[in-house]
Ligand code: GUN
Ligand code: FE
């Protein structure tokens, strides 16, 4: 590459998951970022091109060295966040989902009719997620056009890659009078206007922030709304997000209303596309999995949220083995932790509970479901490249042509729980320790599309 096309090059230890279950650790690797923020080259000592890149970057004064105690990881991808629920983090976690929505969540979300309130919350949320290493987030906003635009603008301003949806919910039987779209027609019109406004935001020519068609979940929407949004999805090619077979109540509601599962119902409305992300999918069966795979649709696995609100553990092992595209989601605020690393732990923990079972009154052989565990490697995949795949974005791996979205994990941060013992920890141990013990104190630097947004 030419000197003026090089934005910068970094040398240090890179850790990423180039494939499901695989972890690659590249020591003393050189990674070049081009002037558009894409990864132009990744090369290892002794490989062709290494010395040339080193020389080119050094001569241009654009070579940076990470310290031996720092690790470069792909930026974390959060495929499911409810931005307006941020003030509710850690509250009302003892209630069932339908009551939690009606009594706590909808009253809070209704407050975003006030765009100033939205601004205050959204600024704080985006800053916090970035500090925790989340470089890409797929957000639900609220039904309000203006406040939803504020979220899109704040993400763009703070440099976070974001997919943002104005929530559509118009079913008077399931949504309160004080918080729902005035009609299906109004909700559809606002969704269309929101899509246009996000794509037309000043400074968004590179499409760092994308609009998302967002039917909240089937119970909250009328058939007219689902049909209209499905048509919009089909002809716009825009991303879609919704909740799918999350908990017993919701799953049963859809079976009762349509005589078929969420997956088949959403597919019938044209809402399963390669740009769709289905949150949860805890109760999907084999036929649902085939349809999701056939549609090239992604899944947002939200393990912490599921342990509280879903009545079941998502079968992550099965979904990954069948080739489904699965990312991780915090599901703020049903998931009461903003960190994707924390959700990696929870994904592993939940899968272990599924495999071994949890009822001590049962004999071991009847307690669990054999062959359902995942480990930290698969969790890390979902947190990075798997999330990228689910969103249809080239992020999450250190590969030429992918966006340079990355974090530096500093194992030497003050007051940290992450201690690496040089004589005892090596290889994969370091990644596993990062997943289990790192937090925002260790996330020293964050880049999105080659721009540094933390540190
Ligand atoms: N289903 C519909 N809306 C929501 C929500 O806000 N959170 C969760 N966890 N599930 C939902
Ligand atoms: Fe959710």
Flag if residue 47 is surrounded by 15 or more Cβ atoms within 10 Å (Cβ to Cβ) and at negative phi
no
Collect the residues in the range 284-310 that are under 27 Å from residue 94 (Cβ atoms) and either surrounded by fewer than 24 Cβ atoms within 10 Å (Cβ to Cβ) or within 11 Å of ligand 1 (Cβ to nearest atom) (or both), keeping them in residue-number order.
300, 302, 304, 305, 306, 307, 308, 309, 310
Pull out all pairs, ordered by first then second residue, where Cβ-Cβ is under 9 Å, the residues are six or more apart or on different chains, the first lies in the range 69-97 and is more than 28 Å from residue 392 (Cβ to Cβ) and without any contact (Cβ under 8 Å) to a residue 12 or more places away in the chain, and the second is away from ligand 2 (no atom under 15 Å from the Cβ) and assigned to a helix (DSSP H, G or I).
95/103
If I ask for residues that are touching a strand residue (DSSP E or B) at 6+ places or on another chain (Cβ under 6 Å) and buried (at least 24 other Cβ atoms within 10 Å of the Cβ), which ones from the range 142-159 would you list?
142, 143, 148, 151, 152, 155
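Which members of the range 441-455 meet the condition of being touching a helix residue (DSSP H, G or I) at 6+ places or on another chain (Cβ under 9 Å) and either more than 14 Å from residue 71 (Cα to Cα) or not in a loop (DSSP other than H, G, I, E, B) (or both)? Don't jump to the end; show me each part of the working.
At the first step, the residues of the range 441-455 found to be touching a helix residue (DSSP H, G or I) at 6+ places or on another chain (Cβ under 9 Å) are 442-443, 446, 448, 453-454.
443, 446, 448, 453, 454 - these are the residues of the range 441-455 that are touching a helix residue (DSSP H, G or I) at 6+ places or on another chain (Cβ under 9 Å) and either more than 14 Å from residue 71 (Cα to Cα) or not in a loop (DSSP other than H, G, I, E, B) (or both).
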May I ask you to list the residues in the range 429-440 that are at pLDDT 95 or above and in a helix (DSSP H, G or I)?
430, 431, 432, 433, 434, 435, 436, 437
Boolean, residue 330 is touching a strand residue (DSSP E or B) at 6+ places or on another chain (Cβ under 9 Å), within 12 Å of ligand 2 (Cβ to nearest atom) and not in a helix (DSSP H, G or I)
yes
Does residue 316 fit the bill of being surrounded by fewer than 22 Cβ atoms within 10 Å (Cβ to Cβ) and in contact (Cβ under 8 Å) with a residue 12 or more places away in the chain?
no
Conditions (1) free of Cβ contacts under 8 Å to residues at least 60 places away in the same chain; (2) over 16 Å from residue 138 (Cβ atoms); (3) under 23 Å from the mean Cα position of the chain (by Cα): number failed by residue 171:
(3)
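I'd like to check something: does the range 251-258 contain any residue that is within 24 Å of residue 391 (Cβ to Cβ) and in contact (Cβ under 8 Å) with a residue 24 or more places away in the chain? Full working, then the answer.
Let us first name the residues in the range 251-258 that are within 24 Å of residue 391 (Cβ to Cβ), namely none.
Taking every residue of the range 251-258 in turn, none turns out to be within 24 Å of residue 391 (Cβ to Cβ) and in contact (Cβ under 8 Å) with a residue 24 or more places away in the chain.
Only one residue in 278, 272, 255 is more than 15 Å from ligand 1 (Cβ to nearest atom) and within 20 Å of the chain's Cα centre (by Cα). Which one? Please lay out each step first, then the result.
Values: 278 fails: more than 15 Å from ligand 1 (Cβ to nearest atom); 255 fails: within 20 Å of the chain's Cα centre (by Cα).
Just a single option satisfies the conditions, and that option is 272.
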Let me confirm something: among 228, 203, 165, which residue is touching a helix residue (DSSP H, G or I) at 6+ places or on another chain (Cβ under 8 Å), within 16 Å of ligand 2 (Cβ to nearest atom) and either more than 23 Å from residue 111 (Cα to Cα) or in a strand (DSSP E or B) (or both)?
165
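The values are calculated or read from the model by the stated rules, or taken from the named source; none is laboratory data. Remember, predicted model here, so these are calculated numbers, not experimental data. Positions of Cβ are generated from backbone atoms using ideal geometry, with glycine treated the same way; all protein chains shown enter the neighbour counts.
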